[in-house]
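K.L.:
What follows is a single structure, and I will ask about it in a moment.
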Amino acid sequence: MAQVTKHALITGASRGIGRGIAVALAESGIHIAIHYYQNEAAAKETLAQVRQRGSDGLLVQADVLNPEHITAAFRKVKSEFRTLDVFVSNARPEAPTFFQPPLDITLKQWDTAFDSQAKAFLVGAREALPLMSDGGRIFAITYAQGSRTGGLQPWVGMGSAKAALESLVRYLAVACAKRGITVNAVSPGWTEDSVLNSLPDQVQRLI
């Protein structure tokens, strides 16, 4: 019997945690749709690493703040892969677009944080489900609880958005359970990536 190839879409897969997930899944033979927003060169490097592991994939460009872009990305995945087994929502904007304390953050910055997390995950999960067979896997990458204690005041936008994302994960898990599709949040600690590296030096030292 021919081996069935599995497929995954990972948002924010050009660097950091997203790239790490893509490479790890590629080692299991899963083909990867590598989402990126602006850094195509980094996305191509992720694809090269996927291929070095004996798997394959494709690049998908989209601004996750725009639901129409997300829909278009899934349309491309459907055209190339036909099916989807794993969806990982990992993308988030760079820190300068939302990094302000609660009394100073603008509504635009607040919306940037929330639109990139709970809204993008809701849209993505609903696009992923029709492509999945029963038993599919959906993941949202959040942050460890320590990032939402209130101590790092300028993190209020993203910290609140990640809390909303975790709540949405629970609702979607119940909604998808009858199909055997699991929906989970993965909450790593601080990781050296573009968000952390873009924070002021004094903040990085605190972390």
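K.L.:
Based on the Cβ-Cβ distance from SER28 to LEU103, what FRET efficiency comes out when R0 is 30 Å, to the nearest 0.05?
P.N.:
0.05
K.L.:
Expressed as a fraction of 2.2 N^0.38 Å, the rule-of-thumb size for a compact globular protein of N residues, what is the C-alpha radius of gyration of the stretch 25-103?
P.N.:
Taking the Cα Rg and dividing by 2.2 N^0.38 Å, one obtains 1.25.
K.L.:
Same structure again: Springs between alpha-carbon pairs under 10 angstrom, Gaussian network model over the chain: which of THR112, THR71, THR97 fluctuates most?
P.N.:
Its mean-square fluctuation being the largest, the pick is THR97.
K.L.:
Contour minus end-to-end for SER133 and GLN52, with contour as 0.36 nm per residue of separation and end-to-end as the Cα-Cα distance?
P.N.:
So the extension gain works out to 26.4 nm.
K.L.:
Determine the relative contact order of the stretch 7-200: mean sequence separation of Cα pairs under 8 Å and six or more apart, normalised by residue count, in whole percent.
P.N.:
21 percent
K.L.:
Cβ under 13 Å from VAL4's Cβ, VAL4 left aside: what net charge do those residues give with Lys, Arg +1 and Asp, Glu -1?
P.N.:
On the way: positive: LYS6, ARG82; negative: ASP85.
Every neighbour counted, the sum reads +1.
K.L.:
Along the stretch 54-65, what does the Karplus equation 6.51 cos²θ - 1.76 cosθ + 1.60 (θ = phi - 60°) give for ³J(HN,Hα), rounded to whole Hz, x for Gly and Pro?
P.N.:
x, 9, 8, x, 8, 9, 10, 9, 6, 9, 5, 6
K.L.:
When the dipole is taken about the Cα centre of the chain, and only Lys, Arg (+1) and Asp, Glu (-1) are charged at their Cβ, what size is it in debye, to the nearest 20?
P.N.:
Dipole magnitude for the chain comes out near 540 debye.
K.L.:
So what's the Cα pair-distance distribution over the stretch 62-111, bin width 10 Å, in %?
P.N.:
20, 38, 24, 14, 3
K.L.:
GLU94 versus THR149, label points 7 Å from Cα toward the beta carbon: distance in nm?
P.N.:
That separation, rounded to one decimal, is 3.0 nm.
K.L.:
Another question, then. Please build a GNM for the chain, connecting alpha carbons under 10 Å apart, and tell me which residue among LEU152, LEU168, LEU129 fluctuates the most.
P.N.:
LEU152
K.L.:
Sticking with this structure for a sec: Just add up the charged neighbours of ILE70: K/R +1, D/E -1, any other residue whose Cβ is under 15 Å from the Cβ of ILE70.
P.N.:
Net of charged neighbours comes to +2.
K.L.:
Counting only DSSP beta bridges with both residues in the chain, what percent are antiparallel, rounded to the nearest 5?
P.N.:
Antiparallel bridges make up about 0 percent of those DSSP assigns within the chain.
K.L.:
Follow-up. Rounded to the nearest 0.05, what FRET efficiency do GLU80 and ARG170 have when you use their Cβ-Cβ distance and R0 = 45 Å?
P.N.:
That pair, GLU80 with ARG170, gives E of 0.90.
Any read-out appearing in this document is the output of simple, stated calculations on the displayed coordinates, not a laboratory observation. None of the values given here were measured: they were computed from a predicted structure. Cβ: placed from backbone, ideal geometry, glycine included. Neighbour counts: every protein chain shown.
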